[in-house]
1. Within a Cβ distance under 12 Å of Thr120, other residues only, what is the Lys/Arg minus Asp/Glu net charge?
2. Kindly state, to the nearest 0.05, the FRET efficiency for Asn135 paired with Gln254, given R0 = 30 Å and r defined as their beta-carbon distance.
3. Label points 7 Å out from Cα along the Cβ direction at Thr91 and Lys29: separation in nm?
4. When the chain is fully extended, how far beyond the present Cα-Cα distance does Glu202 get from Lys189, taking 0.36 nm per residue of separation?
5. Label points 7 Å out from Cα along the Cβ direction at Asp145 and Asn108: separation in nm?
6. Sorted by accessible area with a 1.4 angstrom probe, largest first, how do Thr115, Thr23, Thr122 fall?
7. Express in nm, to one decimal, how much length is gained between Asn47 and Thr122 on full extension, taking 0.36 nm for each residue of separation and deducting their alpha carbon distance.
8. Please compute the net charge surrounding Gln217, taking Lys and Arg as +1 and Asp and Glu as -1 over other residues with Cβ under 12 Å from its Cβ.
Amino acid sequence: MKPKIRNLFILFACLANGLSAQTYCLTYKVARVENALEVTFGLIAHNTPFKLGSSNLQFKYKSSVVGSPVLMRNALAATSKYNGISLTTPTPFRFAGTGDSLVSLNFNFIGSVGTGLPITLTGTDIAVLRFQIKNGLSPLFRPYDHGTSGTVVYNDDSNQPILLQTTGQCPIYDVLLPTESLPESNRLKVYPNPANDFLNLETIDNQDFRIINGIGQMVRKGKTQSHTAIVLSDLPTGIYRVQVGHESIPFVKQ
């Protein structure tokens, strides 16, 4: 093989491998709050991080265990990049008699290439849904893969978006529901101020907090008080997460 042809072959092979490496899984983090279940749904990249484009994230669950979900908060509020997020509960005919219900998180990307929400190798939270608990069995959260009628995830190339694939071995939440509620005094509340210069936290005193940017880097840390104001004015615009103890909440710096 001539050197130039061989080099081109290597380049095309690398590009093909790079595209095929952009796989993902859906994720869920579960916490009980009194008689409700708060589930943080998200995405985790495998092998190669990517920027999130227009997508429908669909999960099955057992409606005999938890009721229909309510959208509590999300990382894709309406901006110049996304037109907001909607929650739907489709009822596919093929689920009849199975006891399964479906929840779908839907959003459109309207920004420019390279500005989508980063999906990292450690996972990125998308939205928090609250379900009323009916019994203590497992809700059996699991992805709904059914071609373009199921979960669909694109990258943020608005000109030629790439339809990404799952790893084929994504986790299922099949454990019993937690029996103890998270104490209200330990629950983290986050309020960006109108000028977007500060992030106000409400939680219990003397806990470690961290602010994590979209690529997993820590950009702030410190200790909490009952009311903590964290300066944001010098941070670039983007999606961040605030972590206090075992809790993590995304927010947008505009």
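1. Result for the neighbourhood of Thr120: +1.
2. After rounding to 0.05, the efficiency reads 0.10.
3. Between Thr91 and Lys29, the label points sit 3.4 nm apart.
4. Extra length available between Glu202 and Lys189 comes to 4.2 nm.
5. 2.9
6. These residues rank, largest area first, as Thr122, Thr115, Thr23.
7. 25.9 nm
8. +4
The values are calculated or read from the model by the stated rules, or taken from the named source; none is laboratory data. Quantities reported herein were computed from a predicted structural model and do not represent experimental measurements. FYI the Cβ positions are ideal-geometry reconstructions off the backbone, even for glycines, and counts take in every protein chain you see. Surface accessibility is based on the protein's heavy atoms, side chains included, excluding ligands, DNA and RNA. Shrake-Rupley method; radii C 1.70, N 1.55, O 1.52, S 1.80 Å.
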